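What follows is one structure encoded as structure tokens, with my remarks underneath.
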Amino acid sequence: TTLDEFAEAFEVFRKLSKNTSGIAITLLLRKAMYLSRLKEHDRQLEALNQALEIAKDYEDPSILDVLMDLSRHSRIRLNDSNEALRYLLEANEMQKNSKRLTKKQLGLLQFQTAQALYDLEQYDEAINYYISAQWGWSNNSVGAYRKLVTDCRICTCMIRLKIESVLGYSKTKSELYQELDVQVSLSTTQELTTKFGGAAAINEYKELRG
């Protein structure tokens, strides 16, 4: 797919209506992803903002996807965790009313919210979102790896907050130490880190653990 093909496809849905807004938003999100691969991040942001405008105008349920993509762009590309958090909190509020996201999508939303809060050193709030995110992970090897990454973040929050336990979380910091010290050193964990990311969380845990 080329940018010209995106433009042609979008032209078909130029005269938007409630019935075609979702298709137009999907095209813009795909265009934004394509531009990201080309490292044309300014044009990527333009596409995302256009998608957000359409989603708001037509009250399209895919607005949650747009907000999450905008948050990732703000946090990763612009290094602006405050702006990312603004999008994420808006998405969280909408999710409470619509309950449209799947279990996995909700877990990712909670995790992204926690990441933005963590970047802003709001560890007491971040830890609760990390805990909530774990309910969304699948019961397979990828889900287990995501749980490991999340546990690393929960533990580093505990270390930074100088606390031993968190209300509503079953493991103490000492219990996490026992589990994580073994898991982060496994060769399979290193392979999954290469494939799925999460190195920052694991490495920070190792550094703080000493």
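The values are calculated or read from the model by the stated rules, or taken from the named source; none is laboratory data. All values reported here derive from a predicted model rather than from experimental measurement. Glycine gets a Cβ as well: all are built from the backbone with ideal geometry, and neighbour counts include every protein chain shown. Accessible surface areas use protein heavy atoms only, side chains included; no ligands, DNA or RNA. Shrake-Rupley method; radii C 1.70, N 1.55, O 1.52, S 1.80 Å.
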I need the full set of residues from region 32-59 which are open to solvent by 20 Å² or more (accessible area, probe 1.4 Å), within 25 Å of Arg100 (Cα to Cα) and more than 19 Å from the chain's Cα centre (by Cα), in order please. Gln50, Glu53, Lys56, Asp57, Tyr58, Glu59
Residue under evaluation Gln115, criteria (1) more than 11 Å from the chain's Cα centre (by Cα); (2) crowded, with 18+ Cβ neighbours inside 10 Å; (3) within 16 Å of Thr156 (Cα to Cα), criterion not met: (1)
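Based on this model, can you work out whether Leu27 counts as farther than 22 Å from Asn97 by Cα and open to solvent by 10 Å² or more (accessible area, probe 1.4 Å)?
Values: farther than 22 Å from Asn97 by Cα: yes; open to solvent by 10 Å² or more (accessible area, probe 1.4 Å): yes.
Against the criterion (farther than 22 Å from Asn97 by Cα and open to solvent by 10 Å² or more (accessible area, probe 1.4 Å)), Leu27 qualifies.
How about region 33-133: which helices (runs of 4 or more DSSP H) wholly inside it have at least 2 residues that are over 26 Å from Ile23 (Cβ atoms) and of a type in the set (A, V, I, L, M)?
Values: elements: 41-57, 63-72, 81-98, 103-119, 123-133.
Per the criteria, 81-98, 103-119, 123-133.
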On the basis of being surrounded by fewer than 16 Cβ atoms within 10 Å (Cβ to Cβ) and among the β-branched types (Val, Ile, Thr), does Thr188 make the cut? yes
